[in-house]
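Everything on this sheet refers to the single structure shown next.
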Amino acid sequence: MRRLFRLSAVLLVFFVAMGMGSLCSAEEPAPEKAPPRVIPEDLTADLNTTFYSKYIWRGLELSKDSLVIFPSLTIGYKGFAFNIWTDMDTRYGNPPPDQDKKDFKLWETDLTLSYSNKIKPLKLDYTVGWIYYHTDGFFGDTSAQNQELFVTLAYDWPLLKPTLSVYQEIETGQAWYASLALSHSFAVYKDWSLDVGGLVSYQSNHSTDNISAFHDGNIWASLTIPLSKFWSITPKAQYSFPLSSDANDQIKASSFNGRDSKWVYGGIIFDLKF
């Protein structure tokens with residue numbers, strides 16, 4: 001009888017303890033679920049807008065005394081990417097024949113398809129792709145279009161990141177352009193980074209200018225300031241200059257006043273990544 005009483009007491013304590021444990025567990029808040037991704041896991045999106053004092057492309061002056069705006073959207077999936085980039089000039093006037101016309105204009109639209117990957121044993125990143133340029137704002141005038149194929153190789157070196165890019169013209173004639181860039185990023189404050197770099201280029205063009213020579217150089221510095229997990233702003237300054245007498249003559253001839261070949265310019269980039 002005494003043994004039965006002890007057994008009953010043990011069972012009672014056991015069940016009370018179980019009940020109290022269940023009650024405590026029920027009162028604890030359930031762990032918060034991670035917020036669902038806005039887009040699928042392997043899909044990326046990058047939307048940025050650049051506000052710049054001048055539009056310089058491969059050393060050539062393509063805007064004058066105006067604010068230029070470059071909206072850009074990139075969609076990526078497992079190494080493949082599609083980018084649409086536009087140039088909006090707030091005071092457009094490109095000689096000839098529009099040197100006296102100063103209007104807001106969507107002047108250029110570029111489409112880029114690319115694939116990127118890396119060769120891990122060599123620490124080498126590579127990108128291959130195709131670019132479609134259209135410099136009439138919309139896609140109606142076929143005389144204002146151009147196409148290139150390109151390949152970019154970047155070596156992942158801790159100090160500098162050498163990057164070689166080669167572009168081959170495939171529509172308007174025999175022309176190619178190659179650049180070699182070096183860049184480095186410094187941590188300056190919390191998660192802010194200072195990025196500096198420069199490039200030299202070589203151009204061979206036998207379709208319009210009949211020139212083969214070192215072309216333009218460019219040096220730059222930018223400060224990336226993250227505002228949140230997705231947003232960042234980047235002030236940036238650049239200096240462009242010719243690398244040869246042939247390039248100097250070509251860049252001067254295409255400038256707005258026919259005399260300048262060196263440019264100091266810059267602005268700010270607003271970037272949104274998902």
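Some observations on this one:
- When Ser204, Ser228 are checked against the criterion of being of a type in the set (Gly, Ala, Ser) and part of a strand (DSSP E or B), Ser204 stands alone in meeting it.
- Test: residue in region 250-261 that is part of a strand (DSSP E or B), closer than 21 Å to Ser66 by Cβ and not β-branched (Val, Ile, Thr): no
- Output for region 224-272, where each listed residue is farther than 25 Å from Gly76 by Cα and touching a Pro at 6+ places or on another chain (Cβ under 7 Å): Asn248, Ile251, Phe256, Ser261
- Long-range neighbours under 9 Å by Cβ, at least six apart or interchain, first residue within 16 Å of Phe150 (Cα to Cα) within region 102-131, second in a strand (DSSP E or B) and among the basic types (Lys, Arg): Asp125/Lys118; Tyr126/Lys118
- Count of residues meeting criterion [within 14 Å of Leu122 (Cβ to Cβ), assigned to a strand (DSSP E or B) and either touching a helix residue (DSSP H, G or I) at 6+ places or on another chain (Cβ under 8 Å) or of a type in the set (Phe, Trp, Tyr) (or both)] in region 151-170: 1
Condition check ((1) over 16 Å from Ser53 (Cα atoms); (2) loosely packed, with under 14 Cβ neighbours inside 10 Å) across all residues:
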site: Trp220; (1), (2): no, no
site: Leu223; (1), (2): yes, no
site: Ser228; (1), (2): yes, yes
site: Tyr239; (1), (2): no, no
site: Ser245; (1), (2): yes, yes
site: Lys252; (1), (2): yes, no
site: Ser255; (1), (2): no, no
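- Scanning region 9-21 turns up no residue that is at pLDDT 50 or above and either surrounded by 10 or more Cβ atoms within 10 Å (Cβ to Cβ) or not in a loop (DSSP other than H, G, I, E, B) (or both).
- The condition of being closer than 22 Å to Ala144 by Cα and either of a type in the set (A, V, I, L, M, F, W, C) or at pLDDT 95 or above (or both) holds for only one of Pro71, Pro97, that being Pro71.
- Note on region 202-218: residues that are loosely packed, with under 15 Cβ neighbours inside 10 Å and β-branched (Val, Ile, Thr) amount to 1.
- Residue count for region 177-200, restricted to those that are surrounded by 14 or more Cβ atoms within 10 Å (Cβ to Cβ) and without any contact (Cβ under 8 Å) to a residue 12 or more places away in the chain: 0
- Check on Leu106, touching a strand residue (DSSP E or B) at 6+ places or on another chain (Cβ under 9 Å), within 29 Å of Ala175 (Cβ to Cβ), of a type in the set (A, V, I, L, M, F, W, C) and modelled with pLDDT under 95: yes
- Residue in region 60-77 that is surrounded by the fewest Cβ atoms within 10 Å (Cβ to Cβ), counting only those that are among the hydroxyl-bearing types (Ser, Thr, Tyr) and closer than 17 Å to Ser255 by Cα: Ser66
- Qualifying residues in region 74-94 (those that are under 26 Å from Gln203 (Cβ atoms) and polar (S, T, N, Q)) - the one modelled with the lowest pLDDT: Asn94
- Hits in region 154-176 (condition: of a type outside the set (Gly, Ala, Ser), over 17 Å from Gln203 (Cβ atoms) and surrounded by 16 or more Cβ atoms within 10 Å (Cβ to Cβ)): Lys161, Thr163
- Residue match in region 184-194 (condition: in contact with a Ser or Thr (Cβ under 9 Å, 6 or more places away or on another chain) and under 22 Å from Gly59 (Cβ atoms)): no
- Some residue of region 24-36 being modelled with pLDDT of 55 or more and on the phi < 0 side of the Ramachandran plot: yes
- Only a single criterion out of (1) touching a residue at least 60 places away in the same chain (Cβ under 8 Å); (2) outside any strand (DSSP E or B) is not satisfied by Asp246, namely (1).
The values are calculated or read from the model by the stated rules, or taken from the named source; none is laboratory data. Predicted, not measured: the structure shown is a model, and the values here were computed from it. No Cβ is skipped: glycine too gets one built from the backbone with ideal geometry, and neighbour counts run over all protein chains shown.
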